[in-house]
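The values are calculated or read from the model by the stated rules, or taken from the named source; none is laboratory data. These figures come from a predicted structure and were not determined experimentally. Positions of Cβ are generated from backbone atoms using ideal geometry, with glycine treated the same way; all protein chains shown enter the neighbour counts. Quick note on the areas: whole protein, heavy atoms, side chains included, nothing else; ligands and nucleic acids left out. Shrake-Rupley method; radii C 1.70, N 1.55, O 1.52, S 1.80 Å.
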Amino acid sequence: MNNKTDNNNPKHNHTIPNNYETMANKRNLKRGINYICSELFAECIATSIYSNNSDRANVDTLLKAIMRMHSDYIMRVSHPEPGMTPKQYFGKLIEGFNNDVNDVVDQIGNLHN
């Protein structure tokens with residue numbers, strides 16, 4: 001994964017590619033979710049430690065949101081919704097996960113301010 005950072009833009013590229021082979025291996029998708037969520041958790045803690053303006057309540061709320069997101073998406077990988085083809089289901093799951101990750105990254109970036 002590309003983790004280039006710019007001093008003005010703390011946004012990392014923590015997303016799962018849309019062309020990811022989800023149907024072939026759910027285990028790798030779960031590993032990707034685990035990795036990204038753990039990186040977000042660590043980034044949030046590091047930001048709270050090194051930022052002078054971080055509010056403890058905001059950090060705690062963000063950490064809880066990351067943990068909820070992690071458990072929700074791991075559970076959704078294990079138990080797909082009936083009535084959808086696997087390709088559609090996992091495509092929407094990855095898209096939703098990536099959107100949630102981008103929201104969390106934006107919130108972590110706001111902790112700097």
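Looking across segment 87-103, the residues that are within 8 Å of the chain's Cα centre (by Cα) and open to solvent by less than 10 Å² (accessible area, probe 1.4 Å) come down to Phe97, Val101. Per the conditions (1) more than 18 Å from Arg27 (Cα to Cα); (2) crowded, with 18+ Cβ neighbours inside 10 Å; (3) within 11 Å of the chain's Cα centre (by Cα), the sole criterion not satisfied by Arg68 is (2).
Does segment 39-51 contain at least one residue that is of a type outside the set (S, T, N, Q), in a loop (DSSP other than H, G, I, E, B), open to solvent by 20 Å² or more (accessible area, probe 1.4 Å) and modelled with pLDDT under 90?
No, segment 39-51 contains no residue that is of a type outside the set (S, T, N, Q), in a loop (DSSP other than H, G, I, E, B), open to solvent by 20 Å² or more (accessible area, probe 1.4 Å) and modelled with pLDDT under 90.
Please tell me if Arg76 is modelled with pLDDT under 90 and under 28 Å from Asn110 (Cβ atoms). No: the conditions fail for Arg76.
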